[in-house]
Amino acid sequence: MSAFEQSQWRTRSITPRVVFVCCLLWVEFAVGDEKLNVLQTEIERRANDKLAQRDTELIDDSLWHLDRTELERAETLKASFRQYLSDRQISPLEVLGIHARTDAERNRYARRWAKLMIEDAERVLAFQRAYDSAVRDLLYDQPLIELARLPVRASPIPKLLPTDRLAVFVKLDCVACDDVLQSVFLAGRDVAGIDVYVKGLPEGDELDLNRWAHRQGIPPSVVHAKRITLNFDEGLLARVHPRARELPVVMRRRGDRLDLLDPWELR
């Protein structure tokens, strides 16, 4: 057999296989296209169902008592910038009321919404009463929670103990400081004493310090009894509370420990 004849024989032998494979590929592509078309049809059907459901809800005015024009306007407003300001479940009545064009519209939608809310509250309360009755029937009047078996929390440590002292840091010409001082003096009845530190006075100027105390209504007798001590700051606040930026500052001295207190909670 010549080379030309051998080539023709191989061509005749291979061609049916190639044709068969091409047919399979065509069938597979055809089936794939059909599956894709079926999938697209299903997606479109579901989308149409959702649209139909929405249209049905729009047409049905038994709940909202709105006509088609009002419902469509509510949907348009809801799809606008309102979607960025309100919850998705906002009702058509609320949308129309918020975007009312006149006071009469606003009042009408508000009244309808209030009526729906009242009716819903009545339904919720009725269900709650039925639930409470069912619980009583099931528990035979036994308590749902036995309070006696709950763990008892330890009593919190009082903010102020009789052995505590209060340290208050104030400055001159400070209305807030004067106000807090009065609260500290009242709280001081329940502690061992109060230590007042004044900023803004020349250090060592006892006369000015006593004049300031007199203006604050501090009796000399309580100072002599050490119930209230008058002191110059002399940088003490910066050492014990470096982050303090504003005055007044109130601290509690309990033993060797200093704790910051909120001065407005002493009222």
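The values are calculated or read from the model by the stated rules, or taken from the named source; none is laboratory data. Everything numeric here is computed off the predicted structure, so don't read it as measured data. Quick reminder, even Gly has a Cβ in these numbers, built from the backbone with ideal geometry, and neighbours come from all protein chains shown.
Any residue in segment 237-249 that is β-branched (Val, Ile, Thr) and modelled with pLDDT under 90? There is at least one residue in segment 237-249 that is β-branched (Val, Ile, Thr) and modelled with pLDDT under 90.
Would you check if Lys199 is among the basic types (Lys, Arg) and over 22 Å from Leu160 (Cβ atoms)?
On the way: among the basic types (Lys, Arg): yes; over 22 Å from Leu160 (Cβ atoms): yes.
Considered against the rule, which asks whether it is among the basic types (Lys, Arg) and over 22 Å from Leu160 (Cβ atoms), Lys199 comes out as yes.
Whether any residue in segment 209-216 is touching a strand residue (DSSP E or B) at 6+ places or on another chain (Cβ under 8 Å), crowded, with 17+ Cβ neighbours inside 10 Å and either at pLDDT 90 or above or among the acidic types (Asp, Glu) (or both) is what I want to check. No - not one qualifying residue is present in segment 209-216.
Do we have Leu139 as modelled with pLDDT of 70 or more, surrounded by 10 or more Cβ atoms within 10 Å (Cβ to Cβ) and under 30 Å from Val191 (Cβ atoms) here? When the stated conditions are applied, Leu139 does not pass them. The set of residues in segment 81-123 that are farther than 17 Å from Leu63 by Cβ and part of a helix (DSSP H, G or I) comprises Phe81, Arg82, Gln83, Tyr84, Ile98, Asp103, Ala104, Glu105, Arg106, Asn107. For segment 213-235, a residue qualifies if it is within 44 Å of the chain's Cα centre (by Cα) and touching a residue at least 40 places away in the same chain (Cβ under 8 Å), and exactly one does: Asp233.
Among the residues of segment 163-180, those identified as at pLDDT 90 or above and in a loop (DSSP other than H, G, I, E, B) are Thr163, Asp164.
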